[in-house]
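K.L.:
Pasting a structure here, questions to come.
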Amino acid sequence: MKKVIFAIVSTMLLTSCVEDVAKKLKSLLGEATADTSAVVNMVDGNDIQQQQEETEDIKDLPLLAAAGFDEADWYVPVGFTPSKQLSGDEYAALTEEQQEAENQRGLAEIEAFISMLKQNKERYNKLLVDGTWKDVTFVEANFDRGESSTFAMGWKGEERKDHMKYVRYRVSGGKNNGQFNFGMLFTKEYVDSHNFQKVTNKSVAMPKDVFDKIEQRTGKKIAKVPYGYAIGSDYKYFVVMFVNEGNKAYAIHAVTTPEGLALSEMESTDVDESGEAMWAVDSEGEYPMMDILIAEKAGAVLKIWYTDLAPEHACLGAFIVKGDKMQKRDYSENYIWVN
């Protein structure tokens, strides 16, 4: 069963973190006991025979949390997305032995994260929501019942436990007035030890010179730049949509830094008969809206944290910017199950 699950995970679209396949991922994991310092082998999709050892630091990793309508408590879904997910074609190109190794690699990362969360759940006490920090306290955990990587919204008490594995926190300062609200949960140690860059403007226009550089580097004509964010005083983030080419639509993420321009890998999707791109299934084909929450700077590396929210999914991830490249990393991919 676990082998089948990870084959399904590898086929998920990069631009939609859960989609319909999320329903097939429920209940894939029970308790975990792996050591959080485990070193796992990553399979490089560009060269399947070459493997490299990497360790991803998951200690105090920020968490995605949500509160329902008229609730004072925030719920963190128990689940984790393994690093370097392969595409369906990359996974299919592996031998059976390599597929098994890839499955075990992913399971080891999930188990290590859950072990970390069990040990450190009471240390998470800082909530970032709508650009504001709030203090929270641990209430309870539900690791043994319900579904993994799921937000069960609308259920209460024992029914919620039957539908969602979670860690629960209570915020100081009253109830959530929105229908749903999402934020990031941190430990105080993480907040105190990181150099954060706040979002200062959520409606930044792309400068003409950046526009031209992107077209030159990609060799594609830009159709539109739907939104941009200013981060701190030195960084700007943009989503860029290109003119369709045949039956394909293309998009890219871009960040301007004091050193220059960083671009993500090119993303693509099919175009339907009416000429519309088919990006996220549960967003009626629209490109996912990346809501930039905060960024952190460590030496020459910038990490930009985002949420990708839609009617049926809620994801937390980061763009890791190094030099002229940026890597997209989803950490928490969750199905939203509404009562």
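K.L.:
With +1 on each Lys and Arg Cβ and -1 on each Asp and Glu Cβ, and nothing else charged, work out how big the dipole of the stretch 189-257 is about its Cα centre, in Debye to the nearest 20.
P.N.:
On the way: 10 positive and 7 negative charges, 77 e Å.
It works out to roughly 380 debye.
K.L.:
Would you work out the relative contact order for the stretch 191-333, in percent, from Cα pairs under 8 angstrom that are 6 or more residues apart?
P.N.:
Details: 312 pairs, mean separation 25.3, N = 143.
Result for the stretch 191-333 is 18 percent.
K.L.:
Let me ask you something else. Counting only protein heavy atoms and a 1.4 Å probe, tell me what percentage of the stretch 231-339's accessible area is made up of carbon and sulfur.
P.N.:
Details: 2140 of 4510 Å².
The computed percentage sits at 47.
K.L.:
What is the sum of charges around Gly232, taking Lys and Arg as +1, Asp and Glu as -1, for the other residues whose C-beta is under 11 Å from the C-beta of Gly232?
P.N.:
Numbers: positive: Lys198, Lys236, Lys297; negative: Asp234, Glu296.
Its environment carries a net charge of +1.
K.L.:
A further question follows. Please give me the summed charge of the neighbours of Phe242: other residues whose Cβ is under 13 Å from its Cβ, Lys and Arg +1, Asp and Glu -1. Could you put the intermediate results ahead of the total?
P.N.:
Numbers: positive: Arg217, Lys220, Lys221, Lys224, Lys248; negative: Glu215, Glu245, Glu267.
Its environment carries a net charge of +2.
K.L.:
Packing-wise, with mean Cβ within 10 Å as the measure, how do 148-160, 219-231 rank, highest first? Each step should come with its number before you reach the end.
P.N.:
Working: 148-160: 18.2, 219-231: 16.2.
For the peptides 148-160, 219-231, the packing ranking is 148-160, 219-231.
K.L.:
Which loop GluC sites (Glu not before Pro) in the stretch 194-272, with loop taken from DSSP, have no more than 16 other Cβ atoms within 10 angstrom of their Cβ? Mind dumping the intermediate values first?
P.N.:
Working: sites: Glu215, Glu245, Glu259, Glu265, Glu267; in loops: Glu259, Glu265.
Passing sites in the stretch 194-272 are Glu259, Glu265.
K.L.:
Using alpha carbon centroids, what distance separates the stretch 93-161 and the stretch 219-267, in Å?
P.N.:
31 Å
K.L.:
Pop a pseudo-label 7 angstrom from the Cα along the beta-carbon direction at both Asn201 and Thr137 and give the gap in nm to one decimal.
P.N.:
Result for the modelled spin labels: 4.2 nm.
K.L.:
Once the other residues with Cβ under 10 Å from the Cβ of His253 are scored (Lys, Arg +1; Asp, Glu -1), what is the net sum? Please list the in-between numbers first.
P.N.:
On the way: positive: Lys328; negative: Glu265, Glu267.
With Lys, Arg at +1 and Asp, Glu at -1, the net is -1.
K.L.:
Pick out, from Val321, Thr257, Ser203, the residue whose Cα sits farthest towards the positive end of the charge dipole of the stretch 178-330, with +1 on the Cβ of Lys and Arg and -1 on the Cβ of Asp and Glu.
P.N.:
Thr257
K.L.:
Which value, to two decimals, describes the C-alpha radius of gyration of the stretch 278-339 once divided by 2.2 N^0.38 Å? The partial results should precede the final answer.
P.N.:
Values: Rg = 13.5 Å, N = 62, 2.2 N^0.38 = 10.6 Å.
So the stretch 278-339 has a normalised radius of gyration of 1.28.
K.L.:
Taking only the alpha-carbon atoms of the stretch 50-186, what semi-axes of the equivalent ellipsoid follow from 5 times the gyration tensor eigenvalues under a square root, in whole Å, largest first?
P.N.:
32, 16, 14
The values are calculated or read from the model by the stated rules, or taken from the named source; none is laboratory data. The structure presented is a predicted model; accordingly, all values stated were derived computationally and were not measured. Note: ideal-geometry Cβ built from the backbone for every residue, glycine included; neighbour counts use all protein chains shown. Only protein heavy atoms, including side chains, enter the accessible area calculation; ligands, DNA and RNA are left aside. Shrake-Rupley method; radii C 1.70, N 1.55, O 1.52, S 1.80 Å.
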